[in-house]
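Step one of this worksheet: look at the structure below.
The values are calculated or read from the model by the stated rules, or taken from the named source; none is laboratory data. This one's a predicted model, so the numbers in the text were calculated from it and none came from an experiment. Every residue, glycine among them, receives a Cβ derived from its backbone with ideal geometry; neighbour counts consider all protein chains shown. We work out accessible area using only protein heavy atoms, side chains counted, and drop any ligands, DNA or RNA first. Shrake-Rupley method; radii C 1.70, N 1.55, O 1.52, S 1.80 Å.
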Amino acid sequence: MGNQETSNGAQVGQLAPDFALPDAAGKSVQLSDYRGKQAVVLYFYPKDNTPGCTAEACAFRDSYAVFKDAGAEVIGVSSDSGESHQQFATQYRLPFTLLSDRGGALRKLYNVPTSMGLLPGRVTYVIDRDGVVRHIFSSQLNAERHITEALHIIQTLQAAQA
């Protein structure tokens, strides 16, 4: 039982792999810190300050209050440095946490694919309050749809808990 690969990434219906990564200020953030408290929208994006990633981050920013009202935290992950994240967050007034996955270990753990063989993939995971993956959305080009997809699932989860 399970003697093939040890991790086939994060999958719907399974517990999301835990992790600890530094935020823009260097403070360690653990996924398990949110368990039992709130849902998490964990989104992987290719790079700070690129057009698609900026549009996606700004769309998450513009919907952030709605995510919070629905009981969810938004966390962005890329391989950029903390300094890059700080500049990106300041420039675009991003109210949510950005984590630095410098060596791409978390990307590998979650099995986030590359796009066109070289670009880091753009994938969003919706993780419920119990730490279970409820939805995965992957689209390199349709950055803003990540927000609408995630919001729909978060609101569905919130309604189910009411």
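The figures follow:
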item	result
Selection count, the stretch 17-43, where residues are of a type in the set (F, W, Y) and either open to solvent by less than 30 Å² (accessible area, probe 1.4 Å) or in contact with a helix residue (DSSP H, G or I) (Cβ under 6 Å, 6 or more places away or on another chain) (or both)	2
Residue tally, condition without any contact (Cβ under 8 Å) to a residue 60 or more places away in the chain, polar (S, T, N, Q) and in a loop (DSSP other than H, G, I, E, B), over the stretch 3-45	3
Residues satisfying the stated conditions in the stretch 91-131, i.e. within 21 Å of R145 (Cβ to Cβ) and hydroxyl-bearing (S, T, Y)	Y92, Y110, T114, S115, T124, Y125
Qualifying residue in the stretch 24-34 (condition: under 15 Å from the mean Cα position of the chain (by Cα) and among the aromatic types (F, W, Y))	yes
Members of the stretch 121-142 found to be closer than 21 Å to G82 by Cα and either crowded, with 21+ Cβ neighbours inside 10 Å or free of Cβ contacts under 8 Å to residues at least 40 places away in the same chain (or both), listed by number	R122, V123, T124
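Residues checked against (1) more than 15 Å from the chain's Cα centre (by Cα); (2) free of Cβ contacts under 8 Å to residues at least 24 places away in the same chain:
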{"position": "P51", "(1), (2)": "yes, yes"}
{"position": "T54", "(1), (2)": "no, no"}
{"position": "C58", "(1), (2)": "no, no"}
{"position": "F67", "(1), (2)": "no, no"}
{"position": "S79", "(1), (2)": "no, no"}
{"position": "G82", "(1), (2)": "yes, no"}
